[in-house]
Amino acid sequence: MPRLAIITTAAPPSANGQARVLGALLGQGRFDTLFLSDQLRELDPHEPRSGVYIALSQPSFQLIRTIKNKHLQRLNNAAGLIRDVKKRAREIVAAVRAHPVDVIIGCSGNPFDLPSAALAAKRLKLPFVAYLFDDPVYQWEAGLYRVLARMWEKRWAAQAAKVIVPNEVLAEDVRSRVQRAAISVIRNPVDLVRMEGKPGGQRETALYPRSPAQSSLTVVYTGSVYSAQASSFRNLVAALDLLGGSFQLHLHTAQSEEQVRDAGLVGPYVRRFGHLPQEHALQRQREADILFLPLAFQSPIPEVVRSSAPAKIAEYLASGRPVLVHAPRGSFVSSFFAAREAGLVVDEPDVEALARSLVRLSEEPALCSRLVANAKAAAEEFDIGKAREAFAAVFKEIARQ
């Protein structure tokens with residue numbers, strides 16, 4: 001297998017979805033990997049590391065100190081971003097010369113990593129692969145970042161030997177802008193064997209056992225809460241209020257209480273818990289009465305919502321629990337679950353429809369059984385073995401070029 005340099009906002013092991021996907025694809029020792037990131041402080045100290053880690057310097061975002069004139073400040077920011085890209089490219093070149101690799105992979109997630117990785121690969125005369133976890137242009141709100149991202153996309157895409165995306169919707173969006181892009185779809189993977197839980201039918205001790213007096217059902221969400229979900233979460237809170245305590249939302253996230261409240265997740269039927277290690281998160285999903293998968297109907301970046309593929313999709317599908325999807329019509333998430341009947345989908349911002357769906361999932365066991373069976377079948381599309389084969393195939397193809 002080739003030696004890889006991966007420039008990423010989130011290197012494994014960490015709680016970030018991007019890091020979890022990379023960790024699953026790379027496996028322990030499957031690739032000789034050099035990780036470069038300015039977020040290495042986020043690495044989980046309790047999980048094993050794999051490869052060499054090199055910290056990139058923090059970006060400065062502007063050329064000189066803040067200027068009061070807004071037009072000059074815009075130029076200041078643009079020049080600062082360009083300088084950050086060039087500086088990061090130099091750091092990548094130095095790191096790769098010290099730790100030689102065969103392929104450089106730049107990941108989406110910030111404005112710098114894709115263009116700087118492409119620039120470094122060009123200087124080193126190495127193949128460049130772009131790994132897009134989200135839309136690299138529209139993940140930024142309209143303004144300077146989007147303008148520069150669109151400009152940089154034309155350059156790194158022209159150089160990329162391959163562009164990896166997690167779903168067909170993002171592939172379609174990228175190809176509409178860069179028609180000659182060589183795109184490979186690799187689903188965000190899951191280890192289905194690991195997802196089965198304890199062997200031999202042993203029952204796990206519940207992380208959050210139901211008290212004898214608790215009559216409400218638990219709607220569980222695990223992971224980060226951010227703007228691309230906020231309006232859907234607010235709809236769920238309103239639906240919980242409408243149902244008067246029949247359901248509670250249990251939210252497991254690294255976000256603080258204040259951040260959760262700012263997203264509108266506040267109410268008598270909302271309980272926030274702290275971040276769970278991955279094994280505990282999987283167990284908590286298997287304990288849920290209902291799993292909630294939201295994407296925002298009101299977002300400054302609707303294009304990203306449309307093509308988003310949260311890493312938890314595969315976990316939810318394989319959990320054995322019914323999934324309630326609340327995401328816009330036409331998005332990858334709602335389309336995928338609806339086409340496979342793998343979850344109950346509410347694809348309009350309708351609080352009453354959301355409430356009715358919760359009631360259906362609590363009162364119709366045959367529906368839940370059908371959804372769970374379909375979800376487990378759909379989870380096979382995300383099997384870690386298939387994803388690893390597709391990932392390895394990318395580099396075999398590059399080697400033949």
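The values are calculated or read from the model by the stated rules, or taken from the named source; none is laboratory data. Keep in mind it's a predicted model, so treat the numbers as computed, not measured. Ideal geometry is used to build each Cβ from the backbone, glycine not excepted, and the neighbour counts take in all protein chains shown.
With a cut-off of at least 2 residues that are assigned by TED's automatic domain parsing to the domain that holds residue 44 and modelled with pLDDT under 95, name the helices (runs of 4 or more DSSP H) lying wholly within region 234-351. Fully inside region 234-351 and qualifying: nothing. Close contacts from region 386-401, counting a first residue that is in the same structural domain as residue 126 (by TED's automatic domain parsing) and in a helix (DSSP H, G or I) and a second that is modelled with pLDDT of 95 or more and hydroxyl-bearing (Ser, Thr, Tyr), with Cβ to Cβ under 7 Å and a gap of 6+ residues or different chains, come to 390/184; 394/184. The requirement of being outside any helix (DSSP H, G or I), crowded, with 24+ Cβ neighbours inside 10 Å and in contact (Cβ under 8 Å) with a residue 12 or more places away in the chain is not satisfied by residue 92. Restricting 5, 79 to residues that are aliphatic (A, V, I, L, M) and within 22 Å of the chain's Cα centre (by Cα) narrows the list to 5. Within region 101-125, the residues that satisfy the criterion of being surrounded by fewer than 19 Cβ atoms within 10 Å (Cβ to Cβ) and farther than 17 Å from residue 25 by Cβ are 122, 123, 124, 125.
Restricting the first member to region 283-294 and to residues that are within 9 Å of residue 222 (Cα to Cα), and the second to residues that are assigned to a loop (DSSP other than H, G, I, E, B) and among the hydrophobic types (A, V, I, L, M, F, W, C), the beta-carbon pairs closer than 8 Å and six or more apart or on different chains are 284/207; 284/276.
Residue 247 - would you say it is touching an Asp or Glu at 6+ places or on another chain (Cβ under 9 Å), of a type outside the set (Gly, Ala, Ser) and crowded, with 20+ Cβ neighbours inside 10 Å? The answer is yes for residue 247. Contact map, region 122-136: residues that are under 30 Å from residue 305 (Cβ atoms) and free of Cβ contacts under 8 Å to residues at least 40 places away in the same chain paired with residues that are part of a helix (DSSP H, G or I) and polar (S, T, N, Q), Cβ distance under 6 Å, separation 6+ or inter-chain. Pairs shown: 128/159. If you go through region 18-29 and keep only what is touching a residue at least 60 places away in the same chain (Cβ under 8 Å) and within 17 Å of residue 45 (Cα to Cα), you end up with just 20.
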